[in-house]
Amino acid sequence: MTTRLRLGVALLLPSPLAEEVDGLRRAVGDRSLGRVPPHITLVPPVNVRRSDLGQALAVLRGAAAATPRPLSIALGAPTSFLPANAVLYLPVHGDVDALHALRQRVWAPPLTRSLTWPFVAHVTLADAAAPPRIEAAVTALSSFAAVVAIDRVHLLAEFRPGPHWRPLADVAFGAPAIVARGGPLSVELVRSQQIDPEGMALLESAGAPVDLPDVAWGRPLVVTARREGEVVGVAASWMTTEGGRSAVYVASEHRRQGIGRHLEAALRADPSYTKRIAE
């Protein structure tokens, strides 16, 4: 196992816009198509010690908690960074001030690095493209426009062979719910679409089954319970070919404290839960 991870922080475009943007990337010959999902980069690739992954996840959670609502992002017609850099991209408009504030919050150790270019929020369509191809795309796609709400931030990791980038963790925007507030048994409930590495470590150490499918299966809902930063329980609801499923797991040393009840209540409070279980 390597001692370092290559990580990045991004806002991933949700479906169906992600598929539409991938269609544009295919049309302009983007070499990273299929290896990097459509996204707005907040922190470009940075090498992080594996032992610092917990700190990186904490930065992600803190930044998401301080972002009170989804960001309304408007994408404009393609343009480029020529002549400085042969990158074709979609410019970002809309909640730009909130996006920059989020970017400042995730730009914290261990998720920092030196930059070659100043930060410009954008969605890359093609990197290192030939100038004539860029000019043709700018003309052909001059009427492109899209608006999308982004409700979470993702930590991406580089995987090999490839290399290719996949989400390692995500956190929904908004302050986490706090239960048993003010006492030594206070627990923080954080919403996401996947079980983060610390949650997976809890489940794997306990031999608990981990059968959460990819986000493609109806955007799974995950609620992670933490006490003083430590994962003490995980709950999830998701879709299978046989209908909706849900599961709750609490670490053995933290049972009989109401954590499982709070996790189940958090699942049920999400509007998508009833729909999943009914289907």
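The values are calculated or read from the model by the stated rules, or taken from the named source; none is laboratory data. None of these values were measured; they are calculated from a predicted model. Cβ placement follows ideal geometry from the backbone for every residue including glycine, while neighbour counts extend to all protein chains displayed.
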Suppose we filter ALA108, ALA101, ALA63 for residues that are crowded, with 17+ Cβ neighbours inside 10 Å and at pLDDT 95 or above; which single one remains?
ALA63
Of (1) assigned by TED's automatic domain parsing to the domain that holds THR41; (2) in a loop (DSSP other than H, G, I, E, B), ALA137 fails just (2)
If the requirement is being of a type in the set (A, V, I, L, M), surrounded by fewer than 14 Cβ atoms within 10 Å (Cβ to Cβ) and modelled with pLDDT of 95 or more, which of these qualifies: ALA130, ALA145, ALA225, ALA169?
ALA145
Qualifying residue in the stretch 56-69 (condition: among the charged types (D, E, K, R), not in a loop (DSSP other than H, G, I, E, B) and not assigned by TED's automatic domain parsing to the domain that holds GLU198):
yes
Search result, residues across the stretch 23-58 that are closer than 29 Å to GLU135 by Cβ and more than 18 Å from the chain's Cα centre (by Cα):
GLY23, LEU24, ARG25, ARG26, ALA27, VAL28, GLY29, ASP30, ARG31, SER32, LEU33
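What residue, of ARG181, ARG219, ARG191, is of a type outside the set (Ser, Thr, Tyr) and at pLDDT 95 or above?
Numbers: ARG181 fails: at pLDDT 95 or above; ARG219 fails: at pLDDT 95 or above.
Testing whether each residue is of a type outside the set (Ser, Thr, Tyr) and at pLDDT 95 or above leaves just ARG191.
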Taking the stretch 136-163 and the residues there that are without any contact (Cβ under 8 Å) to a residue 12 or more places away in the chain and not hydrophobic (A, V, I, L, M, F, W, C), the one that is nearest to ASN47 (Cα to Cα) would be ARG160
Can you tell which of ARG69, ARG6 is under 16 Å from the mean Cα position of the chain (by Cα), loosely packed, with under 14 Cβ neighbours inside 10 Å and at pLDDT 95 or above?
ARG69
Restricting attention to the stretch 16-35, does a residue exist that is surrounded by 14 or more Cβ atoms within 10 Å (Cβ to Cβ), in contact with a Phe, Trp or Tyr (Cβ under 7 Å, 6 or more places away or on another chain) and under 22 Å from ALA137 (Cβ atoms)?
yes
Which numbered condition trips up ALA236, out of (1) in contact with a strand residue (DSSP E or B) (Cβ under 7 Å, 6 or more places away or on another chain); (2) more than 15 Å from MET200 (Cβ to Cβ)?
(2)
